[in-house]
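Here's the structure we're looking at; comments come further down.
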Amino acid sequence: MRRRQVLVATTGVVGMAGCVTGERSGERDDTGESDRSDRPDRIASATVVDANVLTAPYFSNGGGEETPWVRVDVENTESVPHGGLTVEHRLLDAEGTELTSSSRAGTYVPANATWRYFVREDADLESVEDVEAEIVDERATVDATLIEDVPVREPSLSFGGDLVTVDGDLEVGAVDESTLFVVAPVHDDEDTFRGSCTHGIRDVDGDRVEFNADAAGFRTPDGYPAPTDTDVLVFDDRP
């Protein structure tokens, strides 16, 4: 993976909303190019485009005291999927002193999609002035091969707290691979991409195999759309 220096810093607290708003970043990639459409093999490009601090109850069901939650949007601007990446964000006070910091890792970002995640932070809301977010590690390409037309039977999504699980069966009688890797991109009811659940399957045997793909990082503050929908993609290895 390579390191990118993409930074979004906020400009202050918006009084009526009780939140900190971020500026959109117009950074180009490390080569200085903003348009890769003339390349025969296009490479994904991820950029932090927004970072906010929201005020919401401590618990996702609306219980508890008002607490700062960070919302970060990471956009893949290309028409090819993006591989794994890690985003780090920091809450700062008026003097620029770091109050808290957290990171969130993603496995797969679909083409032309914006990955949105929320993190509940333990910080004094009155002290929060700014939020910074940057991609600290990434793999722009998906190195695995997508296996087309693998039938998925009885897929289901369950959501509880921070964890989302997608399970079901794959019909693999026509698949020659002995190892499969399931990626289940998850969206909320506003069709915003919220992250991917994953599950590796080794020693594939028979005509049908079960999968149980899960991932943490889906906790959602009260009043915001929760994860509801998923697709199931099958690769020959980890993307």
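Note on region 199-222: among residues that are of a type outside the set (D, E, K, R) and farther than 16 Å from Phe159 by Cβ, the one that is surrounded by the fewest Cβ atoms within 10 Å (Cβ to Cβ) is Gly206.
Count of region 196-219 residues, restricted to those that are out of contact with any Ser or Thr (no Cβ under 9 Å at 6 or more places or on another chain) and either part of a loop (DSSP other than H, G, I, E, B) or not assigned by TED's automatic domain parsing to the domain that holds Asp176 (or both), is 4. Considering the conditions (1) crowded, with 18+ Cβ neighbours inside 10 Å; (2) touching a residue at least 40 places away in the same chain (Cβ under 8 Å); (3) part of a strand (DSSP E or B); (4) out of contact with any Gly (no Cβ under 6 Å at 6 or more places or on another chain), Leu99 is excluded by exactly one of them, (2). A count restricted to region 159-170 and to residues that are touching a residue at least 60 places away in the same chain (Cβ under 8 Å) and either hydrophobic (A, V, I, L, M, F, W, C) or closer than 27 Å to His89 by Cβ (or both) stands at 5.
For Pro110, the conditions (1) buried (at least 17 other Cβ atoms within 10 Å of the Cβ); (2) in contact with an Asp or Glu (Cβ under 7 Å, 6 or more places away or on another chain) all hold with the exception of (2).
For the condition outside the structural domain of Pro68 (by TED's automatic domain parsing) and crowded, with 20+ Cβ neighbours inside 10 Å, Val166 qualifies.
Counting only strands (runs of 3 or more DSSP E) that sit wholly inside region 141-193, those with at least 1 residues that are over 26 Å from Asn76 (Cβ atoms), out of contact with any Ser or Thr (no Cβ under 7 Å at 6 or more places or on another chain) and among the acidic types (Asp, Glu) are 152-160, 163-171.
Just one of (1) surrounded by 14 or more Cβ atoms within 10 Å (Cβ to Cβ); (2) within 30 Å of Gly63 (Cβ to Cβ); (3) modelled with pLDDT under 95; (4) more than 16 Å from the chain's Cα centre (by Cα) fails for Val175. It is (2). For region 124-139, does any single residue satisfy the condition of being in the same structural domain as Val204 (by TED's automatic domain parsing) and among the small types (Gly, Ala, Ser)? Checking region 124-139: not a single residue is in the same structural domain as Val204 (by TED's automatic domain parsing) and among the small types (Gly, Ala, Ser). Per the listing Asp203, Asp214, the residue uniquely within 20 Å of Thr179 (Cα to Cα) and at pLDDT below 95 is Asp203.
Screening the candidates Asp229, Asp222 for the property of being closer than 30 Å to Pro57 by Cα, part of a strand (DSSP E or B) and acidic (Asp, Glu) yields one hit, Asp229. Annotation: of all residues in region 42-83 being closer than 14 Å to Ala111 by Cβ and among the small types (Gly, Ala, Ser), the one that is surrounded by the most Cβ atoms within 10 Å (Cβ to Cβ) is Ala46. Screening Asp162 with (1) under 16 Å from the mean Cα position of the chain (by Cα); (2) at pLDDT 95 or above gives one miss only, at (2).
Of all residues in region 194-214, exactly one satisfies the criterion of being under 22 Å from Asn76 (Cβ atoms) and touching a Gly at 6+ places or on another chain (Cβ under 6 Å), namely Gly195. Among the numbered conditions (1) hydroxyl-bearing (Ser, Thr, Tyr); (2) without any contact (Cβ under 8 Å) to a residue 60 or more places away in the chain; (3) more than 18 Å from Thr228 (Cα to Cα), the only one that Ser156 does not meet is (3).
Is it the case that Val80 is in a strand (DSSP E or B) and in contact (Cβ under 8 Å) with a residue 24 or more places away in the chain? Considered against the rule, which asks whether it is in a strand (DSSP E or B) and in contact (Cβ under 8 Å) with a residue 24 or more places away in the chain, Val80 comes out as no.
The values are calculated or read from the model by the stated rules, or taken from the named source; none is laboratory data. The shown structure was predicted, so the numbers you read here are calculated from the model rather than taken from an experiment. Here the Cβ is made from the backbone with ideal geometry for all residues, glycine too, and neighbour counts use every protein chain on show.
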